[in-house]
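The values are calculated or read from the model by the stated rules, or taken from the named source; none is laboratory data. Only a predicted model underlies this, so the values are computations on that prediction, with no experimental measurement involved. In this analysis, Cβ positions are derived from the backbone assuming ideal geometry, glycine residues included, and neighbour counts consider all displayed protein chains. Protein only, heavy atoms only, side chains kept; ligands, DNA and RNA dropped before computing areas. Shrake-Rupley method; radii C 1.70, N 1.55, O 1.52, S 1.80 Å.
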Amino acid sequence: MNNRRVLGRPLTALVILTVLSAACSSRQTAPPAGTAQPDRFLYERGSEAAQKEEWVNARTYFQQIVDGYPQSPFRPDAKLGVGDAYLSEGTAESYVMAANEFREFLTFYPTNPKADYAQYKLAMSHFRQMRAPERDQTETKAALVEFDIFFQKFPDSALTSEVKQSWRIARDRLSAASVVVAMHYYRIRWYPGAIDRFREILRDDPAFTGRDAVYYYLAESLARTDKTAEAIPYFERLLAEFDRSEHLEDAKVRLQVLKNQ
């Protein structure tokens, strides 16, 4: 009997703790009966949950406004709240759901004062899914498309500076992916292919932050195919535009050699 009691106590305690934990984690997500402004109640609770990064709870509150209060003045912001909660959750599935929410917002509220925000976040739902330069760049391209739509539709948005920073990161990622291909051609000594791809990068993205490597390897590819006159300007551009680069010293040496020739 004593053994049974001793063994039973931890089990009983575990059951009690489980029940208490479930009770504490469960929340009343519906407005209390008689609430004067139930939509406001839900919006405030959703906002509080979002501030605490309780994304599922926040989404539950906001979604009730979207579904149950079509005339509520809080409905547009609640729709954005659902999208933000999905975006902040940070999973592959939640990014897809976030994109859907922001796209629907732009369909239902195209003239809303926060339409620029929705467009930005739609772009970010793809931005967050960008892969490494050597991987597939479908999401990077999708993010750039949505960023470009933002610039076209909301040229005077207060978010423009922030959006430009994200756009630059995405554009760099796409250019870096092209560098991977160009460097493959360079390493196997197919210099015509490398030259074409390096030139394409400079043409499509002249402000690419990694263009120092593009200048160097394009110049080298040209020099190795007996196009010295075309190679020299790229070495010079590297030295003129960059104070810091792992290619600076090599570029100085190669430039001097080519000029001496």
Exercise. Mind checking the per residue accessible area of region 39-147 for me, 1.4 Å probe, whole number of Å²?
Key: 48 Å²
Self-check item: region 36-86: projected area of the alpha-carbon convex hull, averaged over directions, in nm²
Solution: 2.9 nm²
Exercise. Provide, in order from the shortest bin, the percent of all Cα-Cα pairs of region 114-261 in each 5 Å bin, continuing until the bin that contains the maximum pair distance.
Key: 2, 10, 17, 17, 16, 11, 10, 8, 5, 3, 1, 0, 0
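Find the Cα radius of gyration of region 157-211, compare it with 2.2 N^0.38 Å by division, and give the number to two decimals. Walk me through the numbers before you get to the answer.
On the way: Rg = 13.7 Å, N = 55, 2.2 N^0.38 = 10.1 Å.
My calculation over the Cα atoms of region 157-211 gives 1.36.
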Quiz item: Hey, if you drop one equal point scatterer on each alpha-carbon of region 76-179 and run the Debye formula without solvent, what base-10 log of I(q)/I(0) do you get at q = 0.20 Å⁻¹?
Solution: -0.98
Quiz item: According to a simple spin-label model (label point 7 Å from Cα along Cα-to-Cβ), what is the distance in nm between Arg135 and Leu248?
Solution: 3.4 nm
Quiz prompt | Per-pair calculated FRET efficiency, R0 = 25 Å: Arg203 and Asn100 via Cβ, rounded to 0.05 | solution = 0.10
Quiz item: Using the heavy atoms of the protein chains alone and a 1.4 angstrom probe, what is the accessible area of region 186-261 per residue in square angstrom?
Solution: 59 Å²
Quiz item: region 121-191: Rg/Rh from Cα coordinates, Kirkwood Rh?
Solution: 1.11
Quiz item: How fast does region 92-137 diffuse by Stokes-Einstein, in µm²/s, taking the Kirkwood radius from C-alpha pairs at 25 °C and 0.890 mPa s?
Solution: 218 µm²/s
Quiz item: Distance from the Cα centre of region 218-251 to that of region 176-212, in angstrom?
Solution: 13 Å
Quiz item: What value, in deg cm²/dmol to 500, does the helix sum -39500 (n - 2.57) over DSSP H runs of n ≥ 4 give at 222 nm once divided by the residues of the chain?
Solution: -25000 deg cm²/dmol
Quiz item: Ignoring ligands, DNA and RNA, what percent of the accessible area of the chain is carbon or sulfur (1.4 Å)?
Solution: 52 percent
Practice problem: Tell me which label goes with the value of Cα extents along the principal axes in Å computed from the coordinates here: (1) 82, 36, 34; (2) 94, 64, 29; (3) 56, 44, 37. | Solution: (2)
